Every structure is written in C-alpha cells, then in structure tokens.
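Here's the structure, in structure tokens; my notes come after.
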C-alpha cells in the first residue's frame with residue numbers, strides 16, 4: 001500500500017499508465033487501415049484487423065515494420081504499404097482517439113496533492129508535440145506539479161538522468177520518490193537505477209522479472225497499491 005509517511009513525490013508514466021493507449025490505438029488502427037491500407041472492406045474486417053494488429057503491437061513502439069509484416073500475412077493490403085506514412089498517421093492523430101484519463105488515477109493524484117505530495121508526469125517522446133497533444137486533450141497540465149517529455153530535455157527513460165532531473169525539479173530526493181509505469185524496459189529499470197521505489201502497472205501480466213528487487217511492486221490494477229488513498 002502507498003506510504004504517506006515516506007513518499008514525498010510520485011512520478012507517473014503517461015501512456016497506458018494514466019490513460020488507455022491500447023484502446024485508443026485500436027480505434028486509430030481501424031481508421032488508418034481504411035485510409036492507407038485497404039479499400040472497400042467491411043467494418044467488421046477493419047475491427048478484426050485492428051484487434052489483430054493491437055495483439056501484435058509492442059509496449060514501446062506500436063508500429064514497428066515487423067508488426068505490419070506479421071499483419072499482412074493474415075490481412076494482405078490492397079494498397080501499397082508505406083511505413084513512414086502509417087507511422088506519421090499514428091503520430092499526428094493518436095490524441096484524437098483518447099477518451100479521457102483513467103478516473104481513478106486522477107483521483108489518486110488529486111488526493112496525494114491535497115496531502116502536499118508532489119506529482120509529475122515523466123514520459124518518453126522523441127517528438128514532444130505528440131505527447132503534449134495527448135496531455136492537452138486530457139487537460140492534464142493543471143493536475144500535475146510538473147510534466148517532463150524526454151524530447152524536450154535530451155534524455156529518455158531508462159536513463160537515470162531524467163529521473164534525477166524530475167526529482168530535482170520537484171525539490172525532493174530520489175529515495176523519497178515513487179515511480180509508477182507500465183514498461184518493464186524503460187519505466188521500472190530506470191527507477192531502480194535512480195534509487196527510487198517503483199510500481200509496475202503490468203497491464204499485460206508478464207513474467208515478474210523484478211521479483212528480486214524489493215523496491216518494485218508488480219500490480220495489475222492501480223488499487224492493488226493505492227487502495228488506501230481515499
């Protein structure tokens with residue numbers, strides 16, 4: 001459970017931690033396929049193909065070349081495939097498919113701030129405008145004490161410098177910070193290296209590769225850790 005006496009700041013990942021990126025991506029995939037890959041298909045086809053693509057998509061990069069190659073083995077495209085065009089469609093439009101941030105996560109942030117516990121978003125984004133559009137559409141800037149996008153500052157998770165930088169801007173020590181994120185390759189390893197506690201929100205229920213790290217707690221639902229924040 002969350003420790004009100006020890007934790008002075010909570011650093012939150014953005015994608016799939018504060019909102020459902022996978023749900024947004026699935027809706028985007030269907031429209032991307034209509035515009036760029038297929039012609040004259042049924043809505044049921046687009047839903048099925050989008051769901052299949054989501055199943056193939058990784059946590060970090062949802063539109064790898066290999067993902068499309070696997071998709072086309074089962075759903076051959078009607079149009080000439082251009083990876084850059086599809087990738088740009090995703091980057092330019094993903095924010096349009098976001099419904100809202102997770103209600104419970106926002107409630108937790110507000111309660112923690114009412115207890116003078118700082119909250120910040122720390123998100124990777126090679127093209128910062130993509131992340132800022134998501135932040136704007138969900139009206140998140142007013143909810144957090146600070147927001148850091150990696151492309152704005154020159155280093156990205158799991159580089160510990162972004163964790164150090166976030167803690168310093170909040171005026172707290174690393175040991176008094178908790179990091180909450182879904183990625184086992186960026187969010188959690190970086191928090192370990194930076195000497196922070198971490199909550200791994202493992203939405204895909206992967207093997208617990210951090211079981212030997214007492215500073216890491218693996219959960220599937222946010223209230224498994226924050227249930228006492230009321």
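Nothing in this text is a laboratory measurement; each read-out follows from the coordinates by a stated rule. Not measured: the values here are computed from a predicted model. Please note: Cβ atoms are built from the backbone with ideal geometry, for glycine as well, and neighbour counts cover all protein chains shown.
Each of 3, 136 was scored by other Cβ atoms within 10 Å of its Cβ. Arranged with the fewest first, they read 3, 136. Listed by Cβ neighbour count within 10 Å, with the fewest neighbours leading, 31, 187 appear as 31, 187. Label-to-label distance for residue 93 and residue 215 is 4.2 nm, based on points extended 7 Å past Cα in the beta-carbon direction. Across the chain, Cα pairs under 8 Å and at least six residues apart give a relative contact order of 25 percent.
Where in the range 2-21 is the amide nitrogen less than 17 Å from a point lying 7 Å along the Cα-to-Cβ axis of residue 146? Answer for the range 2-21: 7-14. The alpha-carbon positions of the chain define a convex hull whose volume is 122 Å³ per residue. Relative protection proxy for 197-207, 75-85, from highest mean packing down: 197-207, 75-85 (other beta-carbon atoms within 10 angstrom).
The label-point distance for residue 80 and residue 203, in a model that sets each label 7 Å from Cα toward Cβ, rounds to 3.5 nm.
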